[in-house]
Amino acid sequence: MKFAFGITMAAVAVAGLTGFATPSFAKNYVVKELNHAPNGKPDQFSPAFLHIKPGDTVTFQATDQGHDAVSLRGDIPAGAKPFKVPMNKTASVTFTVPGVYAYKCQPHASFGMAGMILVGHPATLNKLSFAGLPRRAHDRLVALAARADKVEMASR
């Protein structure tokens, strides 16, 4: 009986070391939706760029009222689910598919309120278009995409 118990405990320990405990290592990041960022610019996500691992969660925090966070159609990895955090609500999104996720605040995209999340180290970055965005949001995402590209280049 003691021998069987010992084998069971050893199997549980090995299972924990081989990845069954991986979800406990997932991290949660917070992106604040702000009327004014620390740099003084109006209507910003803070931070606007995150590099996370697959399985990590991002909590979009309704720090200031009047904001939402909506993934851009066509500017998320193939196979990933689009997300929409409702206006004035704090909500969490777990990212499992590696790649780049671009998002915006619908009411404030014209002010450049947009952000980007790089998940993992994908073999290639998904193609981004930022189609139909106001100029400021487009320019902001182009700058953030350059940042994601630098992260990826450094990882090779």
## Note on the structure
Sole miss for Q44 among (1) among the polar types (S, T, N, Q); (2) at positive phi; (3) buried (at least 20 other Cβ atoms within 10 Å of the Cβ) is condition (2)
## Note on the structure
Expected single match for part of a helix (DSSP H, G or I) and either within 15 Å of L144 (Cα to Cα) or not hydroxyl-bearing (S, T, Y) (or both) among P82, P122, P107 is P107
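Considering region 125-156 alone, what residues qualify as being among the polar types (S, T, N, Q) and part of a helix (DSSP H, G or I)? Break it down stepwise before answering.
Going residue by residue through region 125-156, those that are among the polar types (S, T, N, Q) are 126, 129, 155.
Residue satisfying the conditions is S155 alone.
Quick one: would you say V93 is surrounded by 15 or more Cβ atoms within 10 Å (Cβ to Cβ), assigned to a loop (DSSP other than H, G, I, E, B) and under 12 Å from the mean Cα position of the chain (by Cα)?
Numbers: surrounded by 15 or more Cβ atoms within 10 Å (Cβ to Cβ): yes; assigned to a loop (DSSP other than H, G, I, E, B): no; under 12 Å from the mean Cα position of the chain (by Cα): yes.
It is false that V93 is surrounded by 15 or more Cβ atoms within 10 Å (Cβ to Cβ), assigned to a loop (DSSP other than H, G, I, E, B) and under 12 Å from the mean Cα position of the chain (by Cα).
Identify the residue in region 52-86 that is of a type in the set (V, I, T), surrounded by fewer than 16 Cβ atoms within 10 Å (Cβ to Cβ) and under 11 Å from the mean Cα position of the chain (by Cα) and, among all such residues, is nearest to P98 (Cα to Cα). Lay out the reasoning, then the answer.
Within region 52-86, the subset of a type in the set (V, I, T) is 52, 57-59, 63, 70, 76, 85.
In the following step, the residues that additionally are surrounded by fewer than 16 Cβ atoms within 10 Å (Cβ to Cβ) were identified as 57, 59, 63.
Narrowing further to those that are under 11 Å from the mean Cα position of the chain (by Cα): 57, 59.
Values: T57: 13, T59: 18 Å.
Here the answer is T57.
All of the numbers you see were taken from the coordinates with simple rules; none came from a lab. The structure displayed is predicted, hence computed values, not measured ones. Every residue, glycine as well, gets a Cβ built from its backbone with ideal geometry; the counts of neighbours run over all protein chains shown.
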